[in-house]
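Each remark here refers to the structure printed beneath this line.
The values are calculated or read from the model by the stated rules, or taken from the named source; none is laboratory data. Computed from a predicted structure; not experimentally measured. Note: ideal-geometry Cβ built from the backbone for every residue, glycine included; neighbour counts use all protein chains shown.
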Amino acid sequence: MTSTSSLAQSADKLAVVEALYRFAAGIDLRDTTLLASSLAEDAVSDFRPAAAKVGFEYPVIEGRDVIVSAPSTSLSSLDTTHSVTNARVTIDGDTARMDALVEAQHVPKNDPTRHYLMKNRYDVELVRSGEVWLIQRNTVDNVWWSGDIAVLSGI
């Protein structure tokens, strides 16, 4: 592998991770434009594995517009911070797969003394769209959690 192709591959891997950074920041900042910029038009978000492990049901969400609008209702009473780590990327032409750990902190806006913290494993499938990578499918599984689960339901 030449240094030019190695550099291009490294840039592609960083661009793949950048898609997940845009996704997380879009949720935390309530920036629908930023969140939308991370998703393919027909994206799928599957939080069912994580939800099942912590005792609730959450539907598969399909379509960029639906995924972008979901946090404005389900997280409207919460402040969130998502931290992305340990990303591992595999690229095959114009598709990529990424495995990453995402720690998601949820704090009620009206009571910052309470929290619900989840450490989740994200299995992300992406597609190249011009110069950027977009999330095609994101499946979230929970590794561990702590805190008050009632925080997630706005209680």
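Scan segment 1-18 and give yes if some residue there is among the small types (G, A, S) and crowded, with 18+ Cβ neighbours inside 10 Å, otherwise no.
No, the conditions are met nowhere in segment 1-18.
Could you list all residues from segment 85-94 that are surrounded by fewer than 18 Cβ atoms within 10 Å (Cβ to Cβ) and in contact (Cβ under 8 Å) with a residue 40 or more places away in the chain?
Residue satisfying the conditions is I91 alone.
For P108, only one of the following conditions fails: (1) crowded, with 17+ Cβ neighbours inside 10 Å; (2) free of Cβ contacts under 8 Å to residues at least 12 places away in the same chain. What is its number?
Going through the list (1) crowded, with 17+ Cβ neighbours inside 10 Å; (2) free of Cβ contacts under 8 Å to residues at least 12 places away in the same chain, P108 breaks only (2).
Taking the condition of being under 15 Å from V140 (Cα atoms), loosely packed, with under 15 Cβ neighbours inside 10 Å and without any contact (Cβ under 8 Å) to a residue 60 or more places away in the chain, how many residues in segment 49-75 meet it?
Number satisfying all stated conditions: 5.
In the set R128, R137, which member is crowded, with 18+ Cβ neighbours inside 10 Å and either at pLDDT 95 or above or aromatic (F, W, Y) (or both)?
Checking each option against the conditions leaves just R137.
Would you kindly identify the helices (runs of 4 or more DSSP H) lying entirely within segment 1-109 that contain at least 3 residues that are within 22 Å of L152 (Cα to Cα)?
Here the list reads 3-29, 48-54, 64-74.
Out of all the residues in segment 6-48, which are of a type in the set (S, T, Y) and free of Cβ contacts under 8 Å to residues at least 40 places away in the same chain?
Of everything in segment 6-48, those that are of a type in the set (S, T, Y) and free of Cβ contacts under 8 Å to residues at least 40 places away in the same chain turn out to be S6, S10, T33.
Give all pairs with beta carbons closer than 7 Å in which a residue from segment 128-155 that is touching a residue at least 12 places away in the same chain (Cβ under 8 Å) meets a residue that is among the polar types (S, T, N, Q) and in a loop (DSSP other than H, G, I, E, B); count only pairs at least 6 apart in sequence or on separate chains.
Pairs that qualify, where the first residue is touching a residue at least 12 places away in the same chain (Cβ under 8 Å) and the partner is among the polar types (S, T, N, Q) and in a loop (DSSP other than H, G, I, E, B), are L134/S38; I135/S38; G154/S77.
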